[in-house]
1. Excluding ligands and nucleic acids, what accessible area in Å² is computed for Val62 using a 1.4 Å probe, to the nearest 10?
2. Quote the accessible area belonging to Leu57 in square angstrom, nearest 10, computed with a 1.4 Å probe and with ligands, DNA and RNA left uncounted.
3. Tell me the label-point distance for the pair Arg42, Phe19, using the 7 Å Cα-to-Cβ offset, in nm and rounded to one decimal.
4. Tell me, what is the FRET efficiency for Asp34 and Trp54 to the nearest 0.05, using R0 = 35 angstrom and their Cβ-Cβ distance as r?
Amino acid sequence: MTRTYAPVAESVPSAPSAFRPAPPPPQDPPIYRDLMRTWANRGRTLPGRHDPEWVRLAAPQVRPGQFSGSPDLPGDGR
């Protein structure tokens with residue numbers, strides 16, 4: 001009976017390390033948390049949060065009559 005030796009590839013992670021949970025994200029420094037709290041208390045825009053004013057300002061402005069549902073001129077009787 002002959003045995004052959006097959007080395008385990010080093011680049012393939014072993015099963016236990018492949019399923020380790022990711023480490024928790026680092027917390028913000030206290031000075032940043034204090035700044036965010038101050039901005040929030042004053043009603044300011046916060047990074048990463050929905051900003052209704054920005055949505056309103058960035059929306060395209062369409063004036064009445066700027067676009068027509070028909071290629072015909074408005075009021076031409078067709």
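1. Around 90 Å² of this residue is reachable by solvent.
2. 100
3. According to this spin-label approximation, the distance is 5.0 nm.
4. That gives a FRET efficiency of 0.90.
The values are calculated or read from the model by the stated rules, or taken from the named source; none is laboratory data. What you see is a predicted model, and the numbers here were worked out from it, not measured in a lab. Using ideal geometry, Cβ is built from the backbone for each residue, glycine included, and neighbour counts are taken over all protein chains shown. These area figures cover heavy atoms from the full protein model, side chains too; ligands, DNA and RNA do not enter into them. Shrake-Rupley method; radii C 1.70, N 1.55, O 1.52, S 1.80 Å.
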